[in-house]
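Below: the structure, in structure tokens.
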């Protein structure tokens, strides 16, 4: 009897839903491209570029990894070879297979042989002008059929392709870090991206072993948009004097693998500052007030870049892990200049709902705006890309389980205290009225 009972729990239903969704996103729903991709050029040998090369060279792709300096190239090569040495140690690969896999990788500081590439994946720093320049330079070299994919986490693809002479061949392929461990690939289709370009990107992603969702173009696409909307509430809480440790504890108790305050140190506050500025320009007060982009800029100016610079919201020291980390006194000092009056006593539940409702509402808005095409894609993207608790099945499954009208009531309650950023999106309001669910 016990086992049958387990099969009926909401957690079990959520996990079964995820299993079917993941299976769905591992299939090619888009068909074969006109020309199979065999040769890939990757521009940028940093963490992401090297990670993308790592998941490509053992799948039969020939990869050219290009960066401007030999230092960057040797760091990228070292990251890849160490990853594969680990496979040999764990008996997943033989020495001969290791040699064979690494022979598919060519590291170089020029664009030689890029004219033979079927796809370029650009993984340079998150800067629009820089990405446009890389595209302009490569369009003079690459063949007509070659796809140009940008591994951007937030810059709209139509802006990257603004000066392109073949915008139908430009697409977004947003990988997650670390690339060899994170399953999700968010493919971003701009209005001018052709069906065949989508087919090429999907087939490459599936061959790399990824769980693939195809989303519409717009600031932050789907996943980064959700992080930033929930993250803007994290920073509001910090401005109200809530400790990063309390935010981390509350969000981890909800089921996220990484606390929502620590997450910004992991992403890199310098990267988040770029995204916050661009997304604030696009979404305005619905995202946050002017203080968040300004606060990010000040943190960056003071070298609080997060884990990579040894300090962000926390201090990072060798051997000091998780809960034992010290909150950065520099951060505490800076945040005081941006302090806000709390509207009520902040509890763990309050932290969970404030950050959670912003996340859930934005997910529903992305479905309403057709950034995502189905609740399944939305749930898969949130669980496999952002660590949304699998036991809760993703934002759409969670809204169904909790009850759409209860979520709308909660949002209206928070709206009365905290203002219009908690306005429930029209889709949720309509569904609550008609007593509908995302999944039948």
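For region 318-354, give me each residue that is assigned to a loop (DSSP other than H, G, I, E, B) and either touching a residue at least 12 places away in the same chain (Cβ under 8 Å) or under 20 Å from the mean Cα position of the chain (by Cα) (or both).
Across region 318-354, the qualifying residues are 326, 328, 337, 338, 339, 340, 341, 342, 343, 344, 346.
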Qualifying position, being in contact with a helix residue (DSSP H, G or I) (Cβ under 7 Å, 6 or more places away or on another chain) and closer than 23 Å to residue 316 by Cα, among 260, 243: 260
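Looking at region 375-382, can you tell me whether even one residue there is more than 25 Å from residue 22 (Cβ to Cβ), touching a helix residue (DSSP H, G or I) at 6+ places or on another chain (Cβ under 9 Å) and either in a helix (DSSP H, G or I) or at pLDDT below 95 (or both)? I'd like the intermediate steps shown before the answer.
Just the residues of region 375-382 that are more than 25 Å from residue 22 (Cβ to Cβ), to begin with: none.
So far as region 375-382 goes, no, none of its residues is more than 25 Å from residue 22 (Cβ to Cβ), touching a helix residue (DSSP H, G or I) at 6+ places or on another chain (Cβ under 9 Å) and either in a helix (DSSP H, G or I) or at pLDDT below 95 (or both).
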For the structure I just gave you, tell me whether residue 386 is in the same structural domain as residue 409 (by TED's automatic domain parsing), out of contact with any strand residue (DSSP E or B) (no Cβ under 9 Å at 6 or more places or on another chain) and touching a residue at least 12 places away in the same chain (Cβ under 8 Å). no
Since residue 100 meets every condition but one in (1) closer than 20 Å to residue 276 by Cα; (2) out of contact with any strand residue (DSSP E or B) (no Cβ under 7 Å at 6 or more places or on another chain); (3) outside any loop (DSSP other than H, G, I, E, B), which condition does it not meet? (1)
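Can we say residue 357 is part of a helix (DSSP H, G or I), touching a helix residue (DSSP H, G or I) at 6+ places or on another chain (Cβ under 9 Å), closer than 24 Å to residue 246 by Cα and modelled with pLDDT of 95 or more?
Numbers: part of a helix (DSSP H, G or I): yes; touching a helix residue (DSSP H, G or I) at 6+ places or on another chain (Cβ under 9 Å): yes; closer than 24 Å to residue 246 by Cα: yes; modelled with pLDDT of 95 or more: yes.
So residue 357 fits the description; yes.
Please list, ordered by residue number, the helices (runs of 4 or more DSSP H) wholly in region 111-218 having 1 or more residues that are surrounded by fewer than 18 Cβ atoms within 10 Å (Cβ to Cβ) and free of Cβ contacts under 8 Å to residues at least 24 places away in the same chain.
Details: elements: 128-139, 157-160, 195-207.
Of the helices (runs of 4 or more DSSP H) lying wholly inside region 111-218, those with at least 1 residues that are surrounded by fewer than 18 Cβ atoms within 10 Å (Cβ to Cβ) and free of Cβ contacts under 8 Å to residues at least 24 places away in the same chain span 128-139.
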Checked pairs for region 80-100, first surrounded by 11 or more Cβ atoms within 10 Å (Cβ to Cβ), second in a loop (DSSP other than H, G, I, E, B), C-beta under 7 Å and 6 or more apart or across chains, list as 83/180; 84/93; 87/93
Can you confirm whether region 325-332 contains a residue that is surrounded by 15 or more Cβ atoms within 10 Å (Cβ to Cβ), out of contact with any helix residue (DSSP H, G or I) (no Cβ under 6 Å at 6 or more places or on another chain) and in the same structural domain as residue 423 (by TED's automatic domain parsing)? no
Working carefully through the options 263, 299, 287, find the one that is over 25 Å from residue 411 (Cα atoms) and surrounded by 20 or more Cβ atoms within 10 Å (Cβ to Cβ). 299
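For (1) out of contact with any strand residue (DSSP E or B) (no Cβ under 8 Å at 6 or more places or on another chain); (2) assigned by TED's automatic domain parsing to the domain that holds residue 95; (3) without any contact (Cβ under 8 Å) to a residue 12 or more places away in the chain; (4) surrounded by fewer than 22 Cβ atoms within 10 Å (Cβ to Cβ), each residue gets a yes or a no:
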{"residue": "12", "(1), (2), (3), (4)": "yes, no, yes, yes"}
{"residue": "21", "(1), (2), (3), (4)": "yes, no, no, no"}
{"residue": "35", "(1), (2), (3), (4)": "yes, yes, no, yes"}
{"residue": "43", "(1), (2), (3), (4)": "no, yes, no, no"}
{"residue": "53", "(1), (2), (3), (4)": "no, yes, no, no"}
{"residue": "61", "(1), (2), (3), (4)": "no, yes, no, yes"}
{"residue": "76", "(1), (2), (3), (4)": "no, yes, no, no"}
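One line per residue, one yes/no per condition, for (1) closer than 23 Å to residue 418 by Cβ; (2) in contact with a strand residue (DSSP E or B) (Cβ under 7 Å, 6 or more places away or on another chain); (3) modelled with pLDDT under 95:
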{"position": "202", "(1), (2), (3)": "no, yes, no"}
{"position": "207", "(1), (2), (3)": "no, no, no"}
{"position": "210", "(1), (2), (3)": "no, yes, no"}
{"position": "218", "(1), (2), (3)": "no, no, yes"}
{"position": "222", "(1), (2), (3)": "no, yes, no"}
{"position": "231", "(1), (2), (3)": "yes, no, no"}
{"position": "236", "(1), (2), (3)": "yes, no, no"}
{"position": "240", "(1), (2), (3)": "yes, no, no"}
{"position": "243", "(1), (2), (3)": "yes, yes, no"}
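The values are calculated or read from the model by the stated rules, or taken from the named source; none is laboratory data. Bear in mind the structure is a predicted one, so any value in this text is a computation, not a measurement. Heads up, the Cβs are rebuilt from the backbone with ideal geometry, glycines too, and the neighbour counts pull from every protein chain shown.
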